[in-house]
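Student: One structure coming up, written as structure tokens, with questions to follow.
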Amino acid sequence: MSTDVIVKLKDMAARSDRVWIQGRSSYADLLAETGRLANTLAAMGLVKGDRLLLQVEKCEAVLSLYLACLRLGVVFLPVNPGYTVAETQHFLTDADPALAVTDPDRAAAIAATGARVLALPEVLAQAASAAPEFADPAHGPDDLAAILYTSGTTGRSKGVMLGRENLASNAEALVDLWRFTETDVLLHALPVFHTHGLFVATNCALYSGASLIFQPGFAPEAVLAAFPQATVMMGVPTFYTRLLADPRLTRDACRGMRLFISGSAPLSPATHAEWQERTGHAILERYGMTETNMITSNPYAGARRAGTVGRPLPGVEVRVTGPDGAPVPVGEAGAIEVRGPNVFHGYWRLPEKTAEEFRDGWFVTGDLGAFDSQGYLSILGRAKDLVISGGLNVYPTEVESALDALPGVAASAVIGVPHPDFGEAVVACLIAAPGAALEESALRAALRDRLAAFKIPKRMLVLPEFPRNAMGKVQKAELRRQHAGLFSES
Ligand code: AMP
């Protein structure tokens, strides 16, 4: 069994020299603040098992409230502040939180839905006069820690129930694998309503006694300015592509950094190569999802292979299965399934949906992938994004990697579009690099050496931008919807 997050927090707080957020607070301050907040929430009547919904712009109090909830045994439910009140209504109805805490400007609208709501400054003001000592009740490893809603690109978003051991086991594995120590300074520019910024980043710091440089969002200017004080950055691929567009990104600018980590969406091999060339650092790519925490990672020492997400984390089992549910041979593509202490407890109040997503105790991720002979996993796309053209499977990631390597292509997204002959046709959506003019026939000719004919896109659409979610993931369902009539019109 792993060490619980709160036990770890208390260990770190006992050491008076440990800084939590640079220029702001120590671990001892953090422990005291979580005690004050836990006392405040308890005084409001919140008890173990209740849900607390938090919908605020990124600020340090999100982390304190997350940890205060863990101390009390209240289930933490962070929501993207970009969601409208109508969208948030689904989480209020579904999760039935005992309390919602929001930014002041949306408190009245949330209250109008019938929910009990307080604005964050009110909660913090009450906590300011509460006692910092809090008598933590006993917690078990399987107690619920948080519910995170999936981004819900298809259908209603589902509440992912994560337990304390899910979080603790993953934090311990990652600290070890990525060699976090108390001398690390983690540059934190990710959102804190998502597993990446909330659990991966925060818990890696907390479990190693490292400190955070906590930025309100991703701004290349501020991130580059913080590099000299930082040692590690965790980012989504768009962080890296946007930083590469800045001429101030140089080898010298990254001198003090020891590690760049990427995840939440595919990092193109082209970006990996360009980053290495510019900075001398090989980005370490890892793979995970809300339901499973982190699953695989490229190694710290040893080859960080572009286009792969590395090997399973210690204690985590991964298999790739065929349509019959049996594991496929190395090198063959199939469904990625996961088992281990990282895997969630199920979808909130959806036992049937939960049962559908598990096969013999393995969680079926919905991603497609293949292992190579060295045990590195490659992600080939979401199962629902697989294109079947003329009866042949086309894995979008493979085509995207080939496109991204062509001069003038800044980004690509490959989708399947209904086609009268082929069932589905492969279509590439492209973004041109600044100043580049993309010529469809030239691109198609360039792909002929790299891809079998059936994988070469039937059409290439140059777009000004892609629809993306808050984590920078391209919304392929939206692209498919926008271009569904491409072949029926002609
Ligand atoms: P989320 O639950 O929002 O974190 O989304 C999880 C999904 O993001 C996974 O199921 C993958 O489809 C995708 N994902 C996460 N990390 C990677 C990665 N390194 N490469 C490709 N896809 C990734």
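Values in this text are rule-based calculations from the coordinates and carry no lab data. Just so it is clear, the structure is predicted and the values come from calculations on it, not from any experiment. Methodologically, a virtual Cβ is constructed for each residue, glycine included, from the backbone with ideal geometry; neighbour enumeration extends over all protein chains shown.
Student: So what is the calculated 222 nm ellipticity per residue for the chain, using -39500 (n - 2.57) for each DSSP H run with n of 4 or more, over all residues, to the nearest 500 deg cm²/dmol?
Tutor: Details: 15 runs with 144 residues, N = 490.
About -8500 deg cm²/dmol.
Student: Between the alpha-carbon centers of segment 59-84 and segment 412-453, tell me the distance in whole angstrom.
Tutor: Answer, in whole Å: 43.
Student: Between Ser129 and Asp29, with labels modelled 7 Å along Cα→Cβ, what's the label distance in nm to one decimal, could you check?
Tutor: 2.3 nm
Student: What FRET efficiency, computed as 1/(1 + (r/R0)^6) with R0 = 35 Å and r the Cβ-Cβ distance, is obtained for Glu352 and Gln215, rounded to the nearest 0.05? Mind showing how you got there, number by number?
Tutor: On the way: r = 41 Å, r/R0 = 1.18.
Computed FRET efficiency for Glu352 and Gln215: 0.25.
Student: Ratio of alpha-carbon Rg to the 2.2 N^0.38 Å globular estimate for segment 191-310, to two decimals, please. List each step's numbers first, then the result.
Tutor: Details: Rg = 13.6 Å, N = 120, 2.2 N^0.38 = 13.6 Å.
In units of the globular-protein estimate, segment 191-310 measures up at 1.00.
Student: Show me the trypsin sites (Lys or Arg not before Pro) within segment 191-284 that DSSP assigns to loop and that have at most 12 other Cβ atoms within 10 Å of their Cβ. Show your work: numbers first, answer last.
Tutor: Working: sites: Arg242, Arg248, Arg251, Arg255, Arg258, Arg278; in loops: Arg248, Arg251, Arg255, Arg258.
Answer in residue order: Arg248, Arg251, Arg255.
Student: Could you calculate the contour length gain from Ala433 to Glu317, that is, 0.36 nm times the residue separation minus the distance between their Cα atoms, to one decimal place in nm? Before the final figure, lay out each step's value.
Tutor: Working: separation 116, 0.36 × 116 = 41.76 nm, distance 3.94 nm.
Net length gain for the segment: 37.8 nm.
Student: Looking at segment 332-388, which GluC sites (Glu not before Pro) are in a loop (DSSP not H, G, I, E or B) and have at most 14 other Cβ atoms within 10 Å? Can you show the working numbers first?
Tutor: Working: sites: Glu332, Glu337, Glu352, Glu356, Glu357; in loops: Glu332, Glu357.
Loop-located and lightly packed - Glu332.
Student: Hey, another quick one. Run a plain Debye calculation on segment 1-121 (Cα atoms as equal point scatterers, no solvent) and give log10 I(q)/I(0) at q = 0.12, 0.16, 0.17, 0.22 Å⁻¹, rounded to two decimals, same order as the q list.
Tutor: For segment 1-121, the Cα-only Debye profile gives -0.46, -0.78, -0.86, -1.23.
Student: Oh, and also: Along each of the three principal axes of the Cα atoms of segment 218-382, give the extent in whole Å, ordering the values from largest to smallest.
Tutor: 51, 38, 25
Student: With 20 Å bins from zero, work out the P(r) of the chain over every alpha carbon pair and list the percent per bin.
Tutor: For the chain, the pair-distance distribution reads 23, 56, 21, 1.
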